[in-house]
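Worksheet: the structure to be examined is printed underneath.
No value in this document is a laboratory result; all are computed from the given coordinates. Keep in mind that this is a model prediction, so the values were computed, not measured. Positions of Cβ are backbone-derived with ideal geometry, glycine not excepted, and every protein chain shown enters the neighbour counts.
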Amino acid sequence: MRIDVHNHIFPKELVTRLEKRSEYPFARPGKDRIGLHCCDNLMIQNFESFADMSKKLEDMDRVGVDVCILSVNLPGPELAMNPAEADELARIANDGIAEAVALHPKRFWGMASLGYGSIDGSLKELDRCVTQLKFRGLQIFSNIKGKALDDPELRPIFARMAELKRPIFMHPTAPLNRNYLMQMVPVPALGFIYDTTLAAVRLTLSGRLAEFPELPLIIPHVGGVLPYLMERIVGLIPGYGNGNQESNPTQVFKRLYMDTVTYEPGPLKLCLETMGASQLLLGTDHPHGPWDRPTKLLDQVECSAADREMMMHGNAERLFRPA
């Protein structure tokens, strides 16, 4: 069995709403398909399988994925500067996910997105997603309108997820540091990876994750560059300090979960060796990039049969349990 924890949807109604907007985020016709514009120099193509679940099911069957956990693709609802509109876009996104799950409950599970127009409103929407829509987790973007995830204003979200005993899946967005990245280097190729890594490190060193030791946090793309840089980060803290109180960052880092989205065997091998099979979950990032490679790489990586089963589906079943 294979459960894909990193698989995207963008409901038609959400596209329609973005087509009416004149400020970011907005949707406009492109060369081949509608473009979803997040900010300057960051546009995501509106793939057919964002809304056509029959197409998504065909792709899942082709690579042997039994269940995918649907999360909204960029641009996230929180990018709307008007608070009320950001919360409304989140409701539209979540309703679209719920509709897909209702049509194919054995193949799709849902993950909530929030607008963060107000924290109280976002908490109510989160409760609706879990209690009424029966979603199994929360997708949070790697920064919220340029605000780091360890900001005290966002603490209630982490506290509620810990209370609900549900996992948080962190997805990249327009990076905090856009200088130069946005001008020449494709943001998805580099900026996304560093922004999720930065967010994970800040959540660790700030002590936020230590506050909620049972809260699962999943970092995509084999953990960004964290498996590669973890020992460097920890090793340099005694000499340079971390500006906060976390005294055992290695222990917190090793609590993190990571998905297996990569396109070559080396990063997957390093992530597995660094984190252990108990912390890895299959992801494809469908429909972006060569999304069919991660399943093949996970089939080929050297590990025990029991470890492969954990990464293929066991860890996902444990974390994303039914409501």
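For segment 107-255, relative contact order (Cα pairs under 8 Å, six or more residues apart, normalised by length) works out to 21 percent. For the pair segment 1-54 / segment 100-137, the C-alpha centres are spaced 19 Å from each other.
Between ASP151 and ALA306, the simple spin-label model (points 7 angstrom out along Cα→Cβ) gives 4.5 nm. In percent, rounded to a whole number, the relative contact order of segment 58-162 is 26, using alpha-carbon pairs under 8 Å and six or more apart. When each full DSSP H helix of the chain is screened for a Cα extent of at least 27 Å along its own axis and an average Kyte-Doolittle hydropathy of at least -0.5, the helices passing are 83-103.
Residues whose amide H falls under 5 Å from that of ARG21, counting only those 5 or more places apart or on a different chain, are ALA27, with hydrogens built in the peptide plane.
Quickly estimate the mean residue ellipticity at 222 nm for the chain, helices only: each DSSP H run with n ≥ 4 gives -39500 (n - 2.57), and the total goes over all residues, rounded to 500.
Working: 14 runs with 134 residues, N = 323.
Mean residue ellipticity, 222 nm, calculated: -12000 deg cm²/dmol.
Local charge for ARG321 was computed over the other residues whose Cβ lies under 14 Å away, with Lys and Arg +1 and Asp and Glu -1, and equals +3.
Of all DSSP beta bridges in segment 138-270, what percent run antiparallel (nearest 5)?
On the way: 2 of 10 bridges.
Within segment 138-270, antiparallel bridges account for around 20 percent of the total.
Considering only beta bridges that DSSP places wholly inside the chain, some 30 percent are antiparallel.
Evaluate the relative contact order of the chain (contact order divided by residue number), counting alpha-carbon pairs under 8 angstrom at least 6 apart; express in whole percent.
On the way: 586 pairs, mean separation 55.3, N = 323.
Worked out over the chain, it gives 17 percent.
Annotation note: GluC sites (Glu not before Pro) in segment 1-42 located in DSSP loop regions with a Cβ neighbour count of at most 13 within 10 Å are GLU23. GNM, the chain, Cα, under 10 Å: largest mean-square fluctuation among GLY137, GLY30, GLY191? Judging by the Gaussian network model, the answer is GLY30.
With both labels modelled 7 Å from their Cα along Cα-to-Cβ, the ARG232 to SER278 distance reads 2.9 nm. Spatial offset of segment 207-234 relative to segment 249-323 amounts to 14 Å, using the alpha carbon center of each.
A Förster radius of 35 Å, combined with the Cβ-Cβ distance separating HIS288 from THR131, puts the computed FRET efficiency at roughly 0.65.
One chain, two ends: ASP66 and LEU123. Fully extended at 0.36 nm per residue, the span grows by 17.4 nm beyond their Cα-Cα distance.
Label-to-label distance for ALA84 and ASN177 is 3.9 nm, based on points extended 7 Å past Cα in the beta-carbon direction.
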